[in-house]
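The structure under discussion appears below in the form of structure tokens.
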Amino acid sequence: IFNCFAEIQEELHHIIDKHSRGIITSNIEVLLNHCLRFYDRQFDTREAINRDVLTRFESLMLDYFNSDKPEQNGLPTVTWCADQLHFSANYFGDLIKKETGKSAIEYIHLAVINRVKELLVSTGKTVSEIAYEVGFQYPHHLSRMFKKVVGCTPNEYRVQDKGI
């Protein structure tokens with residue numbers, strides 16, 4: 001990195017010619033590649049810590065859905081989760097993607113769907129009641145997400161699970 005800065009600085013102190021721009025640009029590109037390598041490397045060297053973050057994220061989701069927060073605040077966002085776990089949203093998203101292969105929002109949606117599945121099987125609540133309970137503003141949004149993730153509607157899932 002210091003070499004990149006030195007090369008750029010030296011190039012800026014020379015008389016500018018037709019190659020100056022390309023040399024400076026190339027050195028900046030090398031510098032950025034070093035930064036990307038450092039950023040990516042931390043996900044590989046911190047696997048145990050990252051798994052702990054994933055465990056904390058899962059606990060956060062459980063606590064969220066076991067409280068009245070969904071009805072008050074709606075569905076959890078990536079930004080909210082990252083803030084609760086003391087990460088930037090971008091870093092948190094990258095970490096979740098690296099550990100699970102899914103984006104942070106996909107992971108949150110899976111937590112929502114799992115909670116909905118539990119409620120469909122263990123309660124007699126309507127899909128609308130469940131939708132509001134887990135934080136949806138409109139019940140049809142739950143039905144659309146559920147069908148996209150599970151492959152059937154919440155009512156179809158409830159019937160299949162009961163074997164009717």
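Looking at segment 50-66, can you tell me whether even one residue there is farther than 25 Å from ASP161 by Cα, aromatic (Phe, Trp, Tyr), surrounded by fewer than 18 Cβ atoms within 10 Å (Cβ to Cβ) and in the same structural domain as CYS152 (by TED's automatic domain parsing)? Among the residues of segment 50-66, not one is farther than 25 Å from ASP161 by Cα, aromatic (Phe, Trp, Tyr), surrounded by fewer than 18 Cβ atoms within 10 Å (Cβ to Cβ) and in the same structural domain as CYS152 (by TED's automatic domain parsing), which makes the answer no.
Among the residues of segment 121-148, which ones are buried (at least 16 other Cβ atoms within 10 Å of the Cβ) and either touching a residue at least 40 places away in the same chain (Cβ under 8 Å) or of a type in the set (Lys, Arg) (or both)?
Start the filter on segment 121-148 by keeping residues that are buried (at least 16 other Cβ atoms within 10 Å of the Cβ), which leaves 127, 130-136, 139, 142-143, 145-146.
Answer for segment 121-148, where residues must be buried (at least 16 other Cβ atoms within 10 Å of the Cβ) and either touching a residue at least 40 places away in the same chain (Cβ under 8 Å) or of a type in the set (Lys, Arg) (or both): TYR132, GLU133, VAL134, GLY135, PHE136.
Mind checking whether some residue in segment 75-83 is more than 18 Å from the chain's Cα centre (by Cα) and not assigned by TED's automatic domain parsing to the domain that holds PHE38? Scanning segment 75-83 turns up no residue that is more than 18 Å from the chain's Cα centre (by Cα) and not assigned by TED's automatic domain parsing to the domain that holds PHE38. Of all the listed residues (PHE65, PHE87, PHE92, PHE57), the sole one being within 30 Å of GLN137 (Cβ to Cβ), in contact with a Lys or Arg (Cβ under 6 Å, 6 or more places away or on another chain) and of a type outside the set (D, E, K, R) is PHE65. Looking only at residues in segment 119-142 that are under 22 Å from the mean Cα position of the chain (by Cα) and in a helix (DSSP H, G or I), the one that is nearest to GLY74 (Cα to Cα) is VAL134.
When segment 88-116 is examined, which residues are found to be over 11 Å from the mean Cα position of the chain (by Cα), surrounded by fewer than 18 Cβ atoms within 10 Å (Cβ to Cβ) and of a type in the set (D, E, K, R)? None; the set is empty. Among all residue pairs at least 6 apart or on different chains, which show Cβ distances below 8 Å where the first residue, located in segment 90-103, is assigned by TED's automatic domain parsing to the domain that holds PRO76 and more than 17 Å from LEU60 (Cα to Cα) and the second is assigned to a loop (DSSP other than H, G, I, E, B) and not charged (D, E, K, R)? Pairs found: LYS97/SER103. For residues in segment 7-49 being closer than 30 Å to ASP94 by Cβ, at pLDDT 85 or above and β-branched (Val, Ile, Thr), which is surrounded by the most Cβ atoms within 10 Å (Cβ to Cβ)? Of everything passing the filter in segment 7-49, ILE8 is surrounded by the most Cβ atoms within 10 Å (Cβ to Cβ).
The values are calculated or read from the model by the stated rules, or taken from the named source; none is laboratory data. Bear in mind that the values here come from a model prediction, so they are computed numbers and not experimental data. For neighbour counting, all protein chains shown are included, and Cβ atoms are generated from backbone atoms with ideal geometry for every residue, glycine included.
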